[in-house]
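The values are calculated or read from the model by the stated rules, or taken from the named source; none is laboratory data. These numbers were taken from a predicted model, which means no experiment stands behind them. Glycine also receives a Cβ, built like all others from the backbone with ideal geometry; neighbour counts cover every protein chain displayed. With ligands, DNA and RNA removed, areas are computed over all heavy atoms of the protein, side chains included. Shrake-Rupley method; radii C 1.70, N 1.55, O 1.52, S 1.80 Å.
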Amino acid sequence: MDIVVKGRKTEVPERFRKHVAEKLKLEKIQRLDAKVISLDVEVSKEPNPRQADRCDRVEITLRSRGPVIRAEAAASDPYAALDLAAEKLDARLRKQHDKRFSRRGARRISAAEVPHHVPGAATLNGNGDVASQEQQAGVPTKKIGSLEVQGEGPLVVREKTHVAAPMTLDQALYEMELVGHDFYLFVDSETKEPSVVYRRHAYDYGVIHLSTDTMVTDARSPEAGGALGG
């Protein structure tokens, strides 16, 4: 694999190309991600004199069989911008590497072990409501596969709330690729409503927008909610 260096509206001197090869060590990158396909470096220049301290911009794009990783930085000269972008790329590569390593090394727990690892998991009754202590004490426990369930309801084992600033669809796709997930939940900056982007086939993506309908009165009807598909 070679490093492709190109300029956008600017010439790239041979000295800078050699500096790129010295700064971006392919052996080190391939140790962190053995599935690297290509590594592109694009240099651009901002002609606005008011931005002299950030006139040179370097963007590094690493493509592999996993998510695309991008790192960019701007500085007063292309060499400084490259150094900053290379540091960002290294940090993101290490983050992806550590995430893959932790996933492989983590021991999977069975469903029966969930209550021991998640204290305070809510128990639901047959109507889907949280059961009282009296109900829990009087409801028989049955075993479904490796999972012990009280009554007819399932167990709610985890609930999370995230605070996120609204973002565009392009930003959501970038964040999804960065974290390496198959979907990403975000608040659309245009509609101010929750949306989901998800990976379909190859490099195709899908997006689901969720909007409220005042005509829908039964939140438990089969039409409520959505599924990732299509």
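Select from the stretch 37-75 the residues that are part of a strand (DSSP E or B), of a type in the set (A, V, I, L, M) and open to solvent by 20 Å² or more (accessible area, probe 1.4 Å) and list them in ascending order. Passing the criteria: only Ile37. Of all residues in the stretch 30-48, those that are modelled with pLDDT under 85 and β-branched (Val, Ile, Thr) total 1.
If the condition is being closer than 21 Å to Tyr174 by Cα, open to solvent by less than 90 Å² (accessible area, probe 1.4 Å) and at pLDDT 65 or above, then the stretch 201-230 contributes Asp204, Tyr205, Gly206, Val207, Ile208.
Taking the stretch 1-37 as the range and being touching a helix residue (DSSP H, G or I) at 6+ places or on another chain (Cβ under 7 Å) and within 20 Å of Ala81 (Cα to Cα) as the test, the residues that pass are Ile3, Val5, Phe16, His19, Val20, Lys23, Leu24, Ile29. Within the bounds of the stretch 69-77, is there any residue that is modelled with pLDDT of 90 or more and among the hydroxyl-bearing types (Ser, Thr, Tyr)? No, the stretch 69-77 has no match at all. Output yes when any residue across the stretch 155-170 is surrounded by 13 or more Cβ atoms within 10 Å (Cβ to Cβ), of a type outside the set (Val, Ile, Thr) and modelled with pLDDT under 60, and no when none is. Checking the stretch 155-170: at least one residue is surrounded by 13 or more Cβ atoms within 10 Å (Cβ to Cβ), of a type outside the set (Val, Ile, Thr) and modelled with pLDDT under 60. Filtered by the rule that a residue be assigned to a helix (DSSP H, G or I) and surrounded by 11 or more Cβ atoms within 10 Å (Cβ to Cβ), the stretch 1-32 gives Phe16, Arg17, Lys18, His19, Val20, Ala21, Lys23, Leu26, Ile29, Gln30, Arg31, Leu32.
Every residue in the stretch 168-185 that is among the hydroxyl-bearing types (Ser, Thr, Tyr) and not in a loop (DSSP other than H, G, I, E, B), please.
Residues of the stretch 168-185 that are among the hydroxyl-bearing types (Ser, Thr, Tyr), as a first pass: 168, 174, 184.
Within the stretch 168-185, Tyr174, Tyr184 meet the criteria.
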